[in-house]
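First comes the structure, then the notes that go with it.
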């Protein structure tokens, strides 16, 4: 009896295309990050607040993934960087093929760093490699400190965990140390930054992290 | 040439099983709700805070859907209600077949109301009917007021929209009227309740809504 595992087949094909994306980005010397989080954790806000801090040193591109609307892309465009919009039309994650099309539409010779903002979803985006240098996940401290063990794949696949909205710490029941310990249990190598896009606290650590990782990849 | 649309095929099969669930629940006179939201919007907190307000009048059961861990089920069990745990093992939503198995394991003659807490995900759970009387979505006001148009399916499929964490309104940039207007644009029939599981504000409106809808379905 022949059996086809559709999920595995799709995943295998995705990995192949992700490798092509990786080669393409490497060839053009582009450093790339895939930003993932639940809806409303602050991916767009992080880009809007931090991109102006580095546009004097790097040529930045952003690929925006949304199910519907171009709202995030419009917010990011105002920072003056190059933005490419993917509307997934119901699909709950970005995959390598969507990024592949986007790469063919961008002027890759005019970019140093590419940020990919994934669809707001703490589950499915973690299953799809895109071919980037690193995955970054955001978590808003308003989401509750029990999340790492409940959504382990996202934490195990990410190189950096950003806790956002720390300006709200005093108003919610969130044990930051507990959440960090659990994240480290799932992924002992994960790096962690606390910040608030609203107040700006911690944004300089995010910028330093980007520049350090950029140099280790392209230095 | 023959073509198989795998997505449609799965969706069709799911609808059939959802109909079986609906019949089974009706036969036992059980009123049922499917609770959906992004991770950390407060589905479990809403159950934990509000179930003790109605356990004197109704016999309650809860089906808890989680990717990993039994954390939510343990929290809900402390309220003394019947809890059945589904661990989806990576799957990002509940489907009708998972609920069907759960219904066969519960003592349906001993229940008046069944709450189903879906996996924390603002996208995929909205695509899968479970066979319940109504779908309820929660949104934390910390998620940002731009969400309805970005995740329209969840809003169009829900009968009730609960805005949770309204105790944080003064600390975030969230325009509640704008979010409500957008939700109503997507789904003109949607009912809306504002509440805070933390302070208890608005919980009595949630209870009244449950009892009113219960009576209209089973009265």
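The values are calculated or read from the model by the stated rules, or taken from the named source; none is laboratory data. Only a predicted model underlies this, so the values are computations on that prediction, with no experimental measurement involved. Reconstructed Cβ throughout: ideal geometry from the backbone, glycine too, with neighbour counts over all protein chains shown.
Worth a mention:
- Options B:111, B:106, B:153, B:130; residue that is under 11 Å from the mean Cα position of the chain (by Cα) and at pLDDT 95 or above: B:130
- Selection within region B:147-162 - in contact (Cβ under 8 Å) with a residue 24 or more places away in the chain and within 8 Å of another protein chain (Cβ to nearest Cβ): B:147, B:149, B:151, B:152, B:153
- Here residue A:137 clears all of (1) free of Cβ contacts under 8 Å to residues at least 60 places away in the same chain; (2) closer than 23 Å to residue B:125 by Cα; (3) touching a strand residue (DSSP E or B) at 6+ places or on another chain (Cβ under 6 Å) except the condition numbered (1).
- Options B:68, B:85; residue that is within 14 Å of chain A (Cβ to nearest Cβ) and either modelled with pLDDT of 95 or more or within 24 Å of residue B:206 (Cα to Cα) (or both): B:85
- Residues located in region A:133-146, provided they are surrounded by 24 or more Cβ atoms within 10 Å (Cβ to Cβ) and over 16 Å from residue A:195 (Cα atoms): none
- For region A:131-146, filtered to residues that are within 8 Å of chain B (Cβ to nearest Cβ) and not in a loop (DSSP other than H, G, I, E, B), the residue that is nearest to residue A:31 (Cα to Cα) is A:140.
- Exactly one residue out of A:44, A:55, A:69 is touching a strand residue (DSSP E or B) at 6+ places or on another chain (Cβ under 9 Å) and without any contact (Cβ under 8 Å) to a residue 60 or more places away in the chain: that is A:69.
- Subset of region B:29-55 [in a loop (DSSP other than H, G, I, E, B) and surrounded by 16 or more Cβ atoms within 10 Å (Cβ to Cβ)]: B:30, B:37, B:38, B:39, B:40, B:41, B:42, B:54
- Complete set of residues in region B:191-206 that are surrounded by 15 or more Cβ atoms within 10 Å (Cβ to Cβ) and more than 11 Å from residue B:162 (Cβ to Cβ): B:198
- Output for region B:92-105, where each listed residue is within 14 Å of another protein chain (Cβ to nearest Cβ) and in contact with a strand residue (DSSP E or B) (Cβ under 9 Å, 6 or more places away or on another chain): B:93, B:94
- Residues (within 12 Å of chain B (Cβ to nearest Cβ), assigned to a helix (DSSP H, G or I), out of contact with any strand residue (DSSP E or B) (no Cβ under 9 Å at 6 or more places or on another chain) and closer than 27 Å to residue B:68 by Cβ) located in region A:170-202: A:182, A:186
- Selection count, region A:29-48, where residues are away from chain B (no Cβ under 13 Å) and touching a helix residue (DSSP H, G or I) at 6+ places or on another chain (Cβ under 7 Å): 6
- Enumeration of residues in region B:118-130 that are away from every other protein chain (no Cβ under 12 Å) and crowded, with 24+ Cβ neighbours inside 10 Å: B:130
- Residue match in region B:2-15 (condition: surrounded by fewer than 23 Cβ atoms within 10 Å (Cβ to Cβ), at pLDDT below 95 and at positive phi): no
- Among (1) in contact with a helix residue (DSSP H, G or I) (Cβ under 6 Å, 6 or more places away or on another chain); (2) in contact (Cβ under 8 Å) with a residue 12 or more places away in the chain - the single one residue A:171 does not satisfy: (2)
- Scanning region B:62-114 for residues that are touching a helix residue (DSSP H, G or I) at 6+ places or on another chain (Cβ under 9 Å), surrounded by fewer than 20 Cβ atoms within 10 Å (Cβ to Cβ) and part of a strand (DSSP E or B) yields B:82, B:84, B:85.
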